[in-house]
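Below: the structure, in structure tokens.
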Amino acid sequence: MHHPQDAPAAPTLEQVAERAGVSRSTASRAINGGLRVSPEALASVELAVADLGYTPNRAARSLVTRRTDSIALVVPEPDERVLSDPFFAGTLNGLSTSLADSDVQVVLVIARPGESERTVRYLRNGHVDGAIVVSHHRNDELDRALQASRVPNVFVGRPLSVQDRGVQYVDTDNVAGGRIATEHLIERGYKRIGTIAGPQDMAGGIDRLAGWRSAMAAAGMADDAIAYGDFTLASGTAAARDILDRYPDLDALFIASDLMAAGALGVLAERGKEVPGDVAVVGYDNLGVAASTVPPLTSVIQPVVAMARAAGARLLAQLNGASPTEPLIFAPELVIRASA
């Protein structure tokens with residue numbers, strides 16, 4: 001009669017490590033993504049796994065480690081924005097790259113306006129190990145709620161309401177970006193320079209406007225010609241109509257995102273204004289839109305892919321017990337094309 005106890009015991013992680021001639025922790029790392037494992041050790045462990053027929057029990061492992069091997073990419077924006085703005089495609093690209101050597105999956109969480117409590121409840125309930133938050137607005141309160149929740153997190157873009165030094169984020173120096181864009185227009189000899197600023201409930205919108213103001217002040221030029229958009233194409237169209245109606249003498253525009261600038265170029269064309277002959281335009285982001293507009297846009301590089309990759313790496317480090325690090329700030333650069 002065959003008794004269940006007669007069945008050979010499933011091979012253990014210890015046996016895999018022994019067969020491969022490595023420590024248990026090295027064998028575990030090799031099986032769970034190969035981070036910080038030499039190619040030789042990885043090959044030895046893979047051979048031992050095949051020889052012994054070892055299968056990692058993910059369910060048992062998650063009970064012990066309380067890890068889900070997934071992280072949330074939290075986007076506090078309406079669905080249609082996430083699908084149409086190249087910023088989010090760049091973010092996903094960078095984040096995926098940072099996780100390529102691990103078993104960690106990305107869960108996209110679209111936190112619609114007014115749903116931050118529900119979002120944080122989801123994050124706290126153990127569905128994910130941590131969160132990357134992009135496109136954060138002042139009123140969504142996600143930063144405060146996440147800090148209180150103890151869920152490991154990294155923001156892409158400086159969170160506005162938290163001054164705490166422990167907040168993890170990566171960003172571009174948006175003040176410097178707004179300044180170099182405006183200085184380029186000043187150096188080219190433009191005299192009446194307006195701006196279409198981004199939303200003033202986001203750090204990027206506030207900082208790029210501050211950069212424009214500081215460059216204008218340093219040059220002794222008036223900084224009254226301002227319209228506002230929300231980083232979308234439609235808002236750029238509306239803001240361009242507004243600012244050109246109010247300031248018909250403008251000869252240059254610094255526009256705080258390439259999508260808004262694309263909207264503004266349409267308005268300039270319909271009004272018969274040549275770019276850059278009548279009105280020069282500098283955008284911001286350099287995420288693909290800039291190269292395909294007519295004319296192609298001079299634009300400030302926001303290295304979104306690199307920022308998201310760095311955020312992913314920082315979150316993985318947190319999950320592996322690393323201490324919080326200082327914010328990582330990328331330096332902006334200007335790409336000069338035909339629009340200015």
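Each Lys or Arg adds one and each Asp or Glu subtracts one; over the other residues with Cβ under 10 Å from the Cβ of GLY211, this totals 0. Quick one: Debye curve from the alpha-carbon atoms of the stretch 266-340 only, equal weights, vacuum; give me log10 I(q)/I(0) at q = 0.16, 0.19, 0.21, 0.25 Å⁻¹ to two decimals. Log10 of I(q)/I(0), two decimals: -0.66, -0.79, -0.88, -1.08. Here the chain carries DSSP beta bridges of which approximately 10% are antiparallel, counting only pairs with both residues inside.
When only the Cβ of Lys, Arg, Asp and Glu is charged (+1, +1, -1, -1), the dipole of the chain relative to its Cα centre reaches about 580 debye. Computed on the chain, the Cα convex hull volume stands at 163 Å³ per residue.
Relative protection proxy for 89-100, 174-185, from highest mean packing down: 174-185, 89-100 (other beta-carbon atoms within 10 angstrom). The share of accessible area on the chain that comes from carbon and sulfur is 53 percent, using a 1.4 angstrom probe. Computed from Cα atoms, the angle from the helix 39-52 axis to the main principal axis of the chain rounds to 50 degrees. For the chain, the mean residue ellipticity at 222 nm estimated from helices alone is -13500 deg cm²/dmol, where every DSSP H run of n ≥ 4 contributes -39500 (n - 2.57) and the total is divided by all residues, rounded to the nearest 500. Computed over protein heavy atoms with a 1.4 Å probe, the accessible surface of the chain works out to 47 Å² per residue.
Rounded to the nearest 20, the size of the Cβ-charge dipole of the stretch 70-131 about its Cα centre is 200 debye, with Lys and Arg at +1 and Asp and Glu at -1.
The values are calculated or read from the model by the stated rules, or taken from the named source; none is laboratory data. Just so it is clear, the model here is predicted, and its values are computed rather than measured. Neighbour counts run over all protein chains shown; Cβ positions are idealised from the backbone, glycine included. Calculation scope for accessible area: heavy atoms of the full protein, side chains included, ligands and nucleic acids excluded. Shrake-Rupley method; radii C 1.70, N 1.55, O 1.52, S 1.80 Å.
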